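Down below is the structure, laid out as structure tokens.
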Amino acid sequence: MTKPFQSPEHPARLVVINAGVSDPSSTRMLADRIAQQSLDRLAGAGLATSLTIIDLAPLAIDIAKAIVAGFPGDKLQAAIDSLAGADAIVAATPVYKAGMSGLFKSFIDLVDNDLLIAKPVILAATAGTARHAMVADEQMRPLFAFLRAVPVPTSIFAAPEDWGAPDLGKRIDRAATELAQFVASGVGRAIVNAAWDGYQHQFAGNAAQAERSAADVNFDTDLMRLAAGGSSSGS
């Protein structure tokens, strides 16, 4: 199979979402470790790479305004555009009150439902106690499944006692390997290219292939024929 990324002109774009707000931030530290290992594994698979980090803390006011006003400002839109162009994602959040960060969830609430279709995601969370170890799988995994992204099998959680343990590094390496193999296979892009018209989309949305004019709209689908008063091909 021909690899989808073979030169610096067409790198595999890794985007990190960091919802950590403290300085220093354990969430950012974990995200950085995962990102570096992912870049190493992508390079090991023969892929040129690029890295973009979206720190949500400086965007907190913009995110709140966008939720109220219904549209993002320039800085927030730039972050969403970076996410739209990602070939792989690392999503990292601190855990508060047994749940993912409200800042993290608010940012994701502003993302179009079709923005992340078939994009592989490493799910990562940090907390002050191991009691929150299942948040990544119980809360983040269904969230990204709803967005039709592809969370890799291995999620990453780090409590204070994990930082010095070798098992954390092993989990990070396993997740990075899963991410790199998914990107190297080209399956994500193949899914989008083959099945894009079968998904429900937001017109003029932020997704890379979103319809933005009448010329972009495919009217020859079951849904569009039904909307026009006709019948679906299967009826």
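Pairing each residue of the stretch 114-125 that is of a type in the set (D, E, K, R) with any residue that is crowded, with 24+ Cβ neighbours inside 10 Å and in a strand (DSSP E or B), provided the two are 6+ apart or on different chains, yields C-beta distances under 6 Å for 119/89. Taking residue 16, is it open to solvent by less than 60 Å² (accessible area, probe 1.4 Å), at pLDDT 95 or above and of a type in the set (A, V, I, L, M)? Here the answer is yes, as residue 16 does meet what is asked.
In the stretch 1-20, the residues that are part of a loop (DSSP other than H, G, I, E, B) form Cβ pairs under 6 Å with partners that are modelled with pLDDT of 55 or more and polar (S, T, N, Q), at six or more places apart or across chains, as follows: 11/49; 11/50; 19/93; 19/101; 20/27. Output the residue which, of all residues in the stretch 83-107 that are out of contact with any strand residue (DSSP E or B) (no Cβ under 7 Å at 6 or more places or on another chain) and either assigned to a loop (DSSP other than H, G, I, E, B) or free of Cβ contacts under 8 Å to residues at least 40 places away in the same chain (or both), is surrounded by the fewest Cβ atoms within 10 Å (Cβ to Cβ). Among residues in the stretch 83-107 that are out of contact with any strand residue (DSSP E or B) (no Cβ under 7 Å at 6 or more places or on another chain) and either assigned to a loop (DSSP other than H, G, I, E, B) or free of Cβ contacts under 8 Å to residues at least 40 places away in the same chain (or both), the one surrounded by the fewest Cβ atoms within 10 Å (Cβ to Cβ) is 97. For the stretch 113-125, check the following and say yes or no: at least one residue is in a loop (DSSP other than H, G, I, E, B), open to solvent by 50 Å² or more (accessible area, probe 1.4 Å) and small (Gly, Ala, Ser). Scanning the stretch 113-125, I find no residue that is in a loop (DSSP other than H, G, I, E, B), open to solvent by 50 Å² or more (accessible area, probe 1.4 Å) and small (Gly, Ala, Ser), so the answer is no. Being in contact (Cβ under 8 Å) with a residue 12 or more places away in the chain and under 17 Å from residue 173 (Cα atoms) is a property that holds for residue 44.
The values are calculated or read from the model by the stated rules, or taken from the named source; none is laboratory data. Please read all numbers here as calculations on a predicted model, not as lab measurements. Positions of Cβ are backbone-derived with ideal geometry, glycine not excepted, and every protein chain shown enters the neighbour counts. Heavy atoms of the whole protein, side chains included, go into the accessibility calculation; ligands, DNA and RNA do not. Shrake-Rupley method; radii C 1.70, N 1.55, O 1.52, S 1.80 Å.
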